[in-house]
Amino acid sequence: MKVKEGEILGLLGRNGAGKSTLLKSIMGLVEVVSGSISLDDNILSEQQAHNIPKYGIGYVPQGRRLFPELMVEENLKMGLLVRDSSTDVLDWVLSLFPLLKSRMKQKSGTLSGGEQQMVATARALCLQPKYLLMDEPSEGLMPSMTETILETVEKLKTENVGILLVEQKIEGTLRVSDRIVFMENGSISEESDPQKLAENPESLMKYVGVKARY
């Protein structure tokens, strides 16, 4: 499996297929048992977890993983520190999530689920990543907030950020993704075009168990 810069690759599969484990493996949080993970000429699967973000990979984990007692501003500055990013980067990130401008002095744990997801995504973007891994960004969110997150994902594509998107909201994933890959039992089983999947959804039924409109 390969993700290109400026591409949104949707990763679909049933619960337990290994999607979240794959993202954690890329980030060095889970040991790679076989195969390898590389970025340009760097073998990431040989690196320690704390070094992975320095290669330009941002990670938005399932469950957001914020520091709830820290202010939004402090959570975002942690992202800046990883790659010594400038405050200009923070201005760019806040332009993607203007709502956060009025929340900067608020503790992250007091935000709504959608606002916390914005903070988690913004923190990852403070690294100025070439690639962004997103694990279930719409989990627990209202449809309107899910739409906001997916619209931001589409904007990042225009910034030439490559995105690996793990998501259970099938219709939204088909709409924003350039390609779809299916995972089953820890392996990539099939690759398809989103529009073809919507028109001929046998693979969706096989690997995810649902049909979807496009």
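The values are calculated or read from the model by the stated rules, or taken from the named source; none is laboratory data. Only a predicted model underlies this, so the values are computations on that prediction, with no experimental measurement involved. Positions of Cβ are backbone-derived with ideal geometry, glycine not excepted, and every protein chain shown enters the neighbour counts.
For the list (1) buried (at least 18 other Cβ atoms within 10 Å of the Cβ); (2) within 21 Å of Y59 (Cβ to Cβ); (3) under 16 Å from the mean Cα position of the chain (by Cα), I need the number of the one condition that M183 fails. Of (1) buried (at least 18 other Cβ atoms within 10 Å of the Cβ); (2) within 21 Å of Y59 (Cβ to Cβ); (3) under 16 Å from the mean Cα position of the chain (by Cα), only one is false for M183: (3).
Taking each residue of segment 120-132 that is at positive phi and looking for partners that are at pLDDT below 95 and among the basic types (K, R) with beta-carbon atoms closer than 8 Å, six or more apart or interchain, yields Q128/R83.
Every listed requirement among (1) closer than 30 Å to G13 by Cα; (2) surrounded by 15 or more Cβ atoms within 10 Å (Cβ to Cβ) is met by R65 save one, (2). Scanning segment 134-154 for residues that are in a loop (DSSP other than H, G, I, E, B), in contact (Cβ under 8 Å) with a residue 40 or more places away in the chain and surrounded by fewer than 18 Cβ atoms within 10 Å (Cβ to Cβ) yields a single hit, E139.
Results for (1) buried (at least 18 other Cβ atoms within 10 Å of the Cβ); (2) modelled with pLDDT of 90 or more; (3) not in a loop (DSSP other than H, G, I, E, B), shown as yes or no for each residue.
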{"residue": "L132", "(1), (2), (3)": "yes, yes, yes"}
{"residue": "L156", "(1), (2), (3)": "yes, yes, yes"}
{"residue": "N160", "(1), (2), (3)": "no, yes, no"}
{"residue": "S203", "(1), (2), (3)": "no, no, yes"}
{"residue": "K206", "(1), (2), (3)": "no, no, yes"}
{"residue": "K211", "(1), (2), (3)": "no, no, no"}
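Screening the candidates S95, S36 for the property of being polar (S, T, N, Q) and within 22 Å of T152 (Cβ to Cβ) yields one hit, S95. The residue of segment 25-54 that is nearest to V89 (Cα to Cα), among those that are in contact (Cβ under 8 Å) with a residue 24 or more places away in the chain and surrounded by 14 or more Cβ atoms within 10 Å (Cβ to Cβ), is P53.
For segment 80-96, the set of residues classified as exposed (fewer than 15 other Cβ atoms within 10 Å of the Cβ) and of a type in the set (A, V, I, L, M) consists of L81 only. Filtering segment 162-188 to residues that are among the small types (G, A, S), assigned to a strand (DSSP E or B) and modelled with pLDDT of 90 or more leaves only G162. Filter segment 189-201 down to the residues that are part of a helix (DSSP H, G or I) and surrounded by 14 or more Cβ atoms within 10 Å (Cβ to Cβ) and list them by number. Hits for segment 189-201 are P194, L197, A198. Here L125 meets each of (1) under 18 Å from K155 (Cα atoms); (2) within 18 Å of the chain's Cα centre (by Cα); (3) surrounded by fewer than 16 Cβ atoms within 10 Å (Cβ to Cβ); (4) not charged (D, E, K, R) with one exception, condition (3).
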